[in-house]
Amino acid sequence: MTHPYSGGCQCGQVRYEIRAEPLGLYVCHCTECQKQSSSAFGMSMPVPREAVVILKGHLKEWKRPADSGREVSCLFCDNCGTRLFHNPARNVNITNVKPGTLDDTSWLNPAGNLWTQSAQKWVVIDDKTLNYDAQPSDFSSLFKRFNMGHNRNQK
């Protein structure tokens with residue numbers, strides 16, 4: 001897969017395009033991601049913020065504090081409520097796309113897992129990925145690992 005990547009919400013009212021390659025892809029097992037996804041974990045695919053283009057529809061924004069005390073802007077369809085993006089205050093240059101909203105998810109292969117200390121006991125975490133008990137202070141290793149595998153999948 002190569003950009004642009006397209007996606008949208010469940011009801012189809014919001015459509016978006018990502019016009020750059022993703023920086024990374026990871027799974028987060030923190031209790032906040034479990035709550036927002038109504039599942040055992042959430043997934044995030046950081047992309048350059050300027051690469052996200054809303055093609056149609058309207059987003060609603062809700063802001064919440066992160067464990068760091070910084071704010072996270074959560075963006076979702078104002079009709080069906082599908083969570084599409086997070087804009088973290090810690091890095092104003094990226095948007096975390098919720099990759100399950102992409103039209104084609106067949107190529108997704110997370111580079112690692114965050115907050116494994118909060119993972120549900122029945123979730124199997126691959127020891128071949130980069131795994132962190134909590135929030136890593138630096139995401140560069142995750143991005144590097146993802147891009148090694150992602151570039152290989154493009155050939």
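The values are calculated or read from the model by the stated rules, or taken from the named source; none is laboratory data. From a predicted model like this one, the values you see are computed outputs, not experimental measurements. For neighbour counting, all protein chains shown are included, and Cβ atoms are generated from backbone atoms with ideal geometry for every residue, glycine included.
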- Note on the structure: Taking region 66-80 and keeping only residues that are free of Cβ contacts under 8 Å to residues at least 40 places away in the same chain, more than 22 Å from A20 (Cβ to Cβ) and within 17 Å of the chain's Cα centre (by Cα), one is left with A66, E71
- Message: Checking the structure you have, find out if any residue of region 40-54 is out of contact with any Asp or Glu (no Cβ under 9 Å at 6 or more places or on another chain) and of a type in the set (S, T, N, Q).
- Response: yes
- Message: Tell me yes or no: at least one residue of region 41-52 is buried (at least 21 other Cβ atoms within 10 Å of the Cβ), among the basic types (K, R) and either closer than 19 Å to Q13 by Cβ or within 16 Å of the chain's Cα centre (by Cα) (or both).
- Response: no
- Query: Are any residues in region 55-69 modelled with pLDDT of 85 or more and surrounded by 15 or more Cβ atoms within 10 Å (Cβ to Cβ), and if so, which ones?
  - Reply: G57, L59
- Item | Sole residue being among the hydroxyl-bearing types (S, T, Y), within 25 Å of N147 (Cβ to Cβ), at pLDDT below 95 and in a strand (DSSP E or B), chosen from S73, S44 | S44
- Note on the structure: Those residues of region 13-32 that are in a helix (DSSP H, G or I) and over 17 Å from I125 (Cβ atoms) come to a total of 1
- Item | Breaking point among (1) free of Cβ contacts under 8 Å to residues at least 12 places away in the same chain; (2) basic (K, R); (3) in a strand (DSSP E or B), for K35 | (3)
- Do you know which residues across region 129-138 are more than 17 Å from R70 (Cα to Cα) and either within 15 Å of the chain's Cα centre (by Cα) or among the aromatic types (F, W, Y) (or both)? Y132
- Out of all the residues in region 130-155, which are closer than 16 Å to C33 by Cβ and either in a loop (DSSP other than H, G, I, E, B) or modelled with pLDDT under 90 (or both)? Y132, D133, A134, Q135, P136, F139
- Task: Residue by residue through region 91-129, note down the ones that are part of a helix (DSSP H, G or I) and closer than 30 Å to R15 by Cα.
- Result: P99, G100, T101
- Query: Of the residues L84, L114, which is touching a residue at least 60 places away in the same chain (Cβ under 8 Å), surrounded by 18 or more Cβ atoms within 10 Å (Cβ to Cβ) and closer than 26 Å to S6 by Cβ?
  - Reply: L84
- Selection status of S37, over 25 Å from V124 (Cα atoms) and either aliphatic (A, V, I, L, M) or touching a Lys or Arg at 6+ places or on another chain (Cβ under 8 Å) (or both): no
- Task: Have a look at S106, S38 and point out the one that is at positive phi, exposed (fewer than 15 other Cβ atoms within 10 Å of the Cβ) and among the polar types (S, T, N, Q).
- Result: S38
- Task: Would you be able to say whether some residue in region 51-60 is free of Cβ contacts under 8 Å to residues at least 40 places away in the same chain and in contact with a strand residue (DSSP E or B) (Cβ under 9 Å, 6 or more places away or on another chain)?
- Result: yes
